[in-house]
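The values are calculated or read from the model by the stated rules, or taken from the named source; none is laboratory data. None of these values were measured; they are calculated from a predicted model. When we count neighbours, we look across all protein chains shown, and the Cβ atoms used for this are built from the backbone with ideal geometry, even at glycine. Surface accessibility is based on the protein's heavy atoms, side chains included, excluding ligands, DNA and RNA. Shrake-Rupley method; radii C 1.70, N 1.55, O 1.52, S 1.80 Å.
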Amino acid sequence: MLSSSLLLILFFVTLVIAVLSGIIFLIPSVPVKYIRLHLTLLLLPVIVGVIGLITVNGREVVGVFALDKLAWLVGVFVLALGFIIQKFSTRYLLGDRNYRKYFPLYTCTTIFASIGWLSNDLRLMVVCWGLTLWCLTQLIRLNQSWKVPAEAAKVSARSFIIGWGALLLAVVVFYIGTGEWVIDPSQDYDNVMSYGLKLIIDLLLVLAVIIPAAQYPFQSWLIESVVAPTPVSAIMHAGIVNAGGIILTRFSPVFDNNIALTVLLVISSISVLIGSGISLVHVDYKRQLVGSTMSQMGFMLVQCALGVYSAAVIHLILHGVFKATLFLQSGSIVKRFNIPTPPNVKRSYAWTVLGRTLAIVIAVIFFIMSDHTSYTLISAFILAWSLSVSWNQLVALNRGVMGRVIGIAMLIIVAVVYVVTHQIFVSLLHNVYMITSHPPLVSVMICIAILVLGSIFSIWVARRRDSTAFAKVYLWLVKIGEAKFKSVESHPNYLKKYL
């Protein structure tokens, strides 16, 4: 069995090979077919990471790196998703004048992210995170002939600087309070640092995670970035928009201040509702996905605020894979426009009521059989809402008895797959040391109230489409989900000179 030190050396050797391969591809005399070899070399660090994930036991510190199941899992996830996206890009971007530049930037984006999440030294993590954001900004602005991506890159860069600066300040304040650049999971930081210093660190961490997660009111950078090529939008889910879950997991021994937890819960809960609203009112498919990402990342941060970091890690990985897939297939979305009109809603009302009843019953049973924590209470609500929506789409509004039977079968299959996948990840992460935070009960109730009342309000507004309230809510969601005027063109004007 390979030692952790040898695995880490092999991992970095393969990363260096991948970076050098990307640089070689920049040379104009290198044939385009070389990209096949580059993709093969990209698989090497993924293979080493999988070996590390399988063989590692417990937590071992090797130099400035902390190797455990979480570190290898996140590293493998980032690099594997980056490989898939680059594989997709070989044909999707073929013919683009910047074709050769994309792949080194894709490679560096994922490599810096993977190194950052493996690091044990906070300084290295901050540097790698900054380089990751810089590479992403360069990807967004790569088409310099078109002013729209340049404007989107400016908006993204400003947001990234604020978020990265907040993380940097949090690390500096942590060093001032402890004299260390490393977080010790076994240390009681309530006795090491003053209350004021911990509050400052935790509030800075909240700012550092809500910006890359595109939480309200910082969602504009993700909305602007949809003008970038689709693979760039997909790469954002490889440890970038979902980085908040990883950062808070690593800072879990420090992130436990009631005020900071409350702020994160409130912002995330509001963002869940706003993101869902944006995805419903916009007709642009990529903006629908952005709204969905905003909502999903909000729920992931709610999980972090409740101290359920293992669930947040599972969420960010599954969401990253799922959403990257949706972005990569966005070019075929036009084929879905010829969807048959569902049966009359009135004729499906009985099935809708049955679905809602089943959803409530299952959620209540889930909560009764659980440990009755704040997280399971919110999870029960989300479970009921998700089952109700899924039932409506797959069963209640389906045509005929056979269509409804197939819909029920699909729900059962998806539930089984989810349970099996969840158990696999739980078994991987059960030895990872994470400190559970305990937000005030009042904060948890506020979070639940925001989600419940917001959902009830949205249903009430949706049924009054002729009312002023509906028009105001609809137009407000359209407005906050739109890019700035400078970032919008009906057609790329820079192409006119070629006509």
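Compute and list, largest first, the equivalent-ellipsoid semi-axes of region 408-480 from the alpha carbon gyration tensor, each √(5λ) rounded to a whole angstrom. Before the final figure, lay out the partial values.
Working: eigenvalues 267, 100, 28 Å².
In descending order the semi-axes read 37, 22, 12 Å.
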With all protein chains present, calculate the accessible area of Ile162 using a 1.4 Å probe and round the result to the nearest 10 Å². 90
Once the other residues with Cβ under 10 Å from the Cβ of Leu26 are scored (Lys, Arg +1; Asp, Glu -1), what is the net sum? +2
Projected onto the charge dipole of the chain (+1 at Lys/Arg Cβ, -1 at Asp/Glu Cβ, origin at the Cα centre), which of Trp476, Phe367, Phe218 gives the Cα projection farthest towards the positive end? Trp476
With the dipole of region 46-100 worked out from charges on the C-beta (+1 for Lys and Arg, -1 for Asp and Glu) around the Cα centre, which of Thr90, Gly63, Val46 lies farthest toward the positive end? Thr90
Given DSSP loops and a limit of at most 14 other Cβ atoms within 10 Å, what is the longest stretch of the chain that contains no such trypsin sites (Lys or Arg not before Pro)? 98-398
Zone of Asp96's modelled label, taken as backbone nitrogen in region 126-141 under 17 Å from a point 7 Å along Cα→Cβ: 134-141
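Accessible area per residue of the chain at 1.4 Å probe, in Å²?
Numbers: 23600 Å² over 499 residues.
I get 47 Å² per residue for this part.
Can you give the relative contact order of the chain as a percent, counting alpha carbon pairs under 8 Å and 6+ residues apart? Please list the in-between numbers first.
Numbers: 646 pairs, mean separation 73.5, N = 499.
Relative contact order, the chain: 15 percent.
Under 1.5 on a/c is rounded, so check that first for region 223-310, then, if it is not, pick prolate when a/b is larger than b/c and oblate when it is not; a ≥ b ≥ c are the square roots of the alpha carbon gyration tensor eigenvalues. If you can, show how the numbers build up before the last one.
On the way: a/c = 3.22, a/b = 1.66, b/c = 1.94.
Oblate, since a/c reaches 1.5 and b/c is not below a/b.
Could you tell me whether region 201-250 comes out rounded, prolate or oblate from its Cα gyration tensor? Rule is a ≥ b ≥ c as square roots of the eigenvalues, rounded for a/c under 1.5, then prolate if a/b exceeds b/c, otherwise oblate. Please report the intermediate quantities before stating the final value.
Numbers: a/c = 4.29, a/b = 1.64, b/c = 2.61.
Taking the square roots of the gyration eigenvalues as a ≥ b ≥ c, region 201-250 is oblate.
I need the fraction of alpha carbon pairs in the chain separated by more than 32 Å, rounded to a whole percent. Don't skip to the answer; put the middle values down first.
On the way: 54898 of 124251 pairs.
Across the chain, Cα pairs with separations above 32 Å total 44 percent.
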Distance between region 443-470 and region 398-430 - C-alpha centres, whole angstrom: 28
If amide H atoms are built 1.01 Å from N in the plane of the peptide, which residues on other chains or at least 5 residues away come under 5 Å of the amide H of Phe65? Asn120
Charge dipole (region 175-290, unit charges on Cβ, about Cα centre) - positive-most of Thr249, Ser276, Trp181: Ser276
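Would you mind working out the magnitude of the charge dipole of the chain relative to its Cα centre, with +1 at each Lys and Arg C-beta and -1 at each Asp and Glu C-beta, to the nearest 20 Debye?
Values: 35 positive and 17 negative charges, 493 e Å.
The dipole magnitude comes to about 2360 debye.
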If r is the Cβ-Cβ distance from Ile446 to Ile413 and R0 is 41 Å, what FRET efficiency results, to the nearest 0.05? 0.65
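What shape does region 104-166 take by its C-alpha gyration tensor, where a ≥ b ≥ c are the square roots of the eigenvalues and a/c under 1.5 counts as rounded, a/b above b/c as prolate, and the rest as oblate? Don't skip to the answer; put the middle values down first.
On the way: a/c = 4.73, a/b = 1.72, b/c = 2.75.
Note, shape of region 104-166 comes out oblate.
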With all protein chains modelled, accessible area of Ile365 [1.4 Å, Å²]: 80
Computed D for region 240-290, Stokes-Einstein, Kirkwood radius over alpha-carbon pairs, 25 °C, 0.890 mPa s, to the nearest µm² per second, is 191
Per DSSP helix of 4 or more residues, -39500 (n - 2.57); summed, then divided by the residues of the chain. What does that give at 222 nm, rounded to the nearest 500? -23500 deg cm²/dmol
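In Å, the Kirkwood hydrodynamic radius of region 126-234 over pairs of distinct alpha carbons? Kindly include the intermediate steps, with their values, before the conclusion.
Values: mean 1/r = 0.0652 Å⁻¹.
Computed over Cα pairs of region 126-234, the Kirkwood hydrodynamic radius comes out at 15.3 Å.
With a 1.4 Å probe and all protein chains left in place, how much of the accessible area of the chain comes from carbon and sulfur atoms, in whole percent?
Values: 16380 of 23600 Å².
Ligands and nucleic acids excluded, carbon and sulfur reach 69 percent.
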